[in-house]
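Q: Would you mind keeping the following structure in view while I ask a few things?
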Amino acid sequence: MVLLKSLLLPLICLFSLVFSLMLWHAPSFAGQILNEVRAQKIVSCGVSEGLAGFSLKDREGNWQGIGPDFCRAVAAAALGDAGKVEFIPLRTASRFPMLLSGRIELLAHTATVTFGREAGIGLRFAGVYFFDGQGFMVLRSAKKRTIKDLNGAKVCVVKGTTHQTNLANTFQKRKMKHTPLVVESMQEAADGLLKGRCGAVTSDQSQLVAVRATTPDGLKRFEIIPGTFSVEPIGPAVYRGDEEWFLLVRWVLYSLIEAEELGVTRENVRTLLNDPGSIALRDFLITSGRTGKALGLSKDWVATTIGAVGNYGEIYERNFGKKSSLKIERGYNRLWTEGGLMYAPPFQ
């Protein structure tokens, strides 16, 4: 028995070594969706119909917002060109059916990450690119300042959102009555409020701010009731089943966050690529290129991505922050080093 063990041990070690080398040098095979994206040389990306901060066409007809920026980042990583994106504006109720039908490869909408959506309908969220919370908006003239003032109100809420259930839970907890008026879009909800069809609108706080900012005289006519009553982690989603495509989308998101933490910007990324300086920067900009070969990515995919859209902080500031019309404080969307919830796993 001792002799048998002494003979087997070297064989086991040799087999393990050969197996490891086979894995290390094995050719990588991208998934079906990733292969289709590369064959078509374009990413079909679903975005919201027109909501400031998230996705909205500017005067020149160009899509702006965190959704379009994220789509461009994925295209930059996957195809080497941030311009290779087909933007498809979607109503809230049609966003998941469009993804599940294969009409789009990526959904960068205003979708809240939930267990039911991942386990129940067959999609996967790649992460969170915006932490939000649900609130209420009313007419200033109504002089309603708290949720308690909404007892018995008719509330406009968009179809196919988590807001419907949250609304019912909120009123039930407070033993208050309400009548939900389900509408197709935030614009329809705002119109309903202005025309008296409902006494309040409920949605994510950022969406309420966006609607108020883009409605004529919105700042004078609308008031957002202070406080939130739900947690709404919003992120990009893909069809479940293509692990390579999912990994690419997820790590593109992480690259935007990691870039901000390491001080990598749209302007300095190429300089840092040539002279990283620190171990963390080398892992992020160079080692990630070698590892990314398993997904068919170029050696400078991180630099190409950040060079196209900037880091997460840059994206946030131009769409939601000081450089935008919304001026929304980052709050939980700050980096973890600054008291927020945004962080990326290591790129080692």
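Derivation of every value follows stated rules applied to the coordinates shown; laboratory data play no part. These numbers were taken from a predicted model, which means no experiment stands behind them. Note that we place each Cβ from the backbone using ideal geometry, even for glycine, and neighbour counts take in every protein chain shown.
Q: Which lysines does Lys41 reach when only Cα atoms under 22 Å apart count, and residues fewer than 8 places away in its own chain are ignored?
A: Filter leaves Lys84, Lys293, Lys299.
Q: Hey, another quick one. What lysines does Lys148 reach when the alpha-carbon gap must be under 25 Å and sequence neighbours fewer than 8 apart in one chain are set aside?
A: Straight-distance partners of Lys148: Lys159, Lys173, Lys175, Lys177, Lys195, Lys220.
Q: Rounded to the nearest 500, what is the 222 nm mean residue ellipticity of the chain from helices alone, with -39500 (n - 2.57) per DSSP H run of 4+ residues and division by all residues? Intermediate values should be presented prior to the final figure.
A: Working: 14 runs with 138 residues, N = 348.
Per the formula, -11500 deg cm²/dmol.
Q: Relative to the longest principal axis of the chain, what angle (0 to 90°, nearest 10) does the C-alpha long axis of helix 243-262 take?
A: 80 degrees
Q: Project the alpha carbons of the stretch 134-230 onto their principal axes and report the range along each, largest first, in whole Å.
A: Extents along the principal axes, in whole Å: 35, 28, 22.
Q: Further question: May I ask you to sort Thr146, Thr265 by Cβ crowding, counting other Cβ atoms within 10 Å and putting the fewest first?
A: Least crowded to most crowded, the residues run Thr146, Thr265.
Q: Taking neighbour Cβ counts within 10 Å as the exposure measure, how do Ile257, Ile306 sort from fewest upward? Write out the running numbers ahead of the final one.
A: On the way: Ile257 21, Ile306 31.
Taking fewest neighbouring Cβ atoms as first place, the list is Ile257, Ile306.
Q: Between Arg174 and Thr271, what FRET efficiency comes out of the Förster formula 1/(1 + (r/R0)^6) with R0 = 56 Å and r the beta carbon distance, rounded to 0.05? Provide the component values of the computation, followed by the final result.
A: Working: r = 55 Å, r/R0 = 0.99.
Efficiency at R0 = 56 Å is approximately 0.50.
Q: Computed from these coordinates, which is mean projected area of the Cα convex hull in nm²: (1) 23.0; (2) 16.7; (3) 19.8?
A: (1)
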